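The values are calculated or read from the model by the stated rules, or taken from the named source; none is laboratory data. None of the values given here were measured: they were computed from a predicted structure. Here Cβ is always computed from backbone atoms with ideal geometry, including for glycine, and neighbour counts include all displayed protein chains. Areas reflect the complete protein model, heavy atoms only, side chains present, ligands, DNA and RNA absent. Shrake-Rupley method; radii C 1.70, N 1.55, O 1.52, S 1.80 Å.
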Amino acid sequence: MGKIAIFTDDPGWHGKQLQLAFAGYGYASTYASLTECRLRIAAGSLPLLIPGFEESLPDAVFVRGVPGGSLEEVVLYLDILHALKILGIPVYNDGQAIERSVDKGMTSFLLHNAGLPTPLTWVLRNREEALAIAGQELKNGHFLISKPLFGSQGEGIRRVEKMTDLIWLTSSRGVYYLQRFVDCAGEGFSDHRVFVINGLAVAAMQRRGKFWLNNVARGASCEPITLNTGLADLAVKSAAALNMDYAGVDIIEDRAGRYTVIEVNSIPAWKGLQSVCEVNIAGLLVDDLINRRIHKPRFINNAVDEKSLSNNAEIIDNGSIPNPFGRTL
């Protein structure tokens, strides 16, 4: 039986879904925290120590969480992921993909560099310059979003709407990340989350926020949507720009009907998305990892059944998207 390490500090619902999917392919999976892993450089021994894998390294690693901490701690966690990849162990997503997406400044740069639509953004250190940029944007009638450079689920994000809000303009350890606010189409606040696996948009939903933040963790509701080719294509290109095995891509449709990429997540949650789509997301992730990255298919039971795949989000506009699972969606 093969063995998979699931890196997480909080397995929860997602961890259970992954374990069930791995078991369907004949793989045992063990939760492990990157905080408990370490390098051991010594002749005749494993160079990496991972709890539960003291005798041999896993067949693959699924990254469900990278803990926060000091710069040195985070570098060590990423060193573990990089070392595993160098040793030939598939890491899903790998350390480089996580580095690109966890740093919002680099995400914005890579999206723009790939020619993809993303909001006007500034990343800088000087507070006076940041205040001047914010003041000019407000003067021109634009709201701004101030974000920590690192963070998730809407933590630490503020919307700057008036000059007095500049009092609360905060930095992320001395770095200011400012992004022009995008007004969405329709009533209220909403955006789209598109889930991409190996170059395919496999599922999507619309998130409707109770206020301008559309994170499910902040109370946003989830609604199923028809995934058109424009939305799917933009999500796939965004994941490719950051070189990810899989990604949760957040896209806003603005009032002019144009799509804009807000974020690309390398460790996306999918509980909310799973509640409104019929595909087995954990099954698709595990299928891709095992059959494409491990190259040792051990399919035992129908972890990803034909009905789930045939009921995938409909692609409209007479377009078709290449499907790594051998079908056209």
Open item on the list: When the residues of region 77-96 are narrowed to those that are assigned to a helix (DSSP H, G or I) and free of Cβ contacts under 8 Å to residues at least 12 places away in the same chain, which ends up most open to solvent (accessible area, probe 1.4 Å)?
Closed with: Ile86
Task: Enumeration of residues in region 22-50 that are in a loop (DSSP other than H, G, I, E, B), open to solvent by 40 Å² or more (accessible area, probe 1.4 Å) and among the β-branched types (Val, Ile, Thr) - done: Ile41
Task: region 14-69 - residue that is over 23 Å from the mean Cα position of the chain (by Cα) and among the polar types (S, T, N, Q) and, of those, nearest to Asn280 (Cα to Cα) - done: Ser56
TODO: Within region 238-271, track down each residue that is among the charged types (D, E, K, R) and closer than 21 Å to Arg180 by Cβ.
DONE: Asp250, Glu253, Asp254, Arg255, Arg258, Glu263
TODO: Output the residues belonging to region 49-82 that are touching a Phe, Trp or Tyr at 6+ places or on another chain (Cβ under 6 Å) and at pLDDT below 95.
DONE: Val66
TODO: State all residues of region 1-21 that are open to solvent by 60 Å² or more (accessible area, probe 1.4 Å) and of a type in the set (A, V, I, L, M, F, W, C); if no residue qualifies, say none.
DONE: Met1, Trp13, Leu20
TODO: Out of the residues in region 102-123 that are among the small types (Gly, Ala, Ser) and in contact (Cβ under 8 Å) with a residue 60 or more places away in the chain, state the one that is surrounded by the most Cβ atoms within 10 Å (Cβ to Cβ).
DONE: Ser108
TODO: From the list Asp250, Asp254, Asp245, pick out the single residue that is among the acidic types (Asp, Glu), open to solvent by less than 40 Å² (accessible area, probe 1.4 Å), in contact with a His (Cβ under 9 Å, 6 or more places away or on another chain) and at pLDDT 90 or above.
DONE: Asp250
Open item on the list: Tell me whether region 136-149 contains one or more residues that are modelled with pLDDT of 90 or more, open to solvent by less than 40 Å² (accessible area, probe 1.4 Å) and either of a type in the set (Val, Ile, Thr) or over 26 Å from Leu242 (Cα atoms) (or both).
Closed with: yes
Open item on the list: Going through Glu129, Glu72, Glu99, Glu54 one at a time, which residue ends up being open to solvent by 20 Å² or more (accessible area, probe 1.4 Å), touching a Leu at 6+ places or on another chain (Cβ under 9 Å) and in a helix (DSSP H, G or I)?
Closed with: Glu99
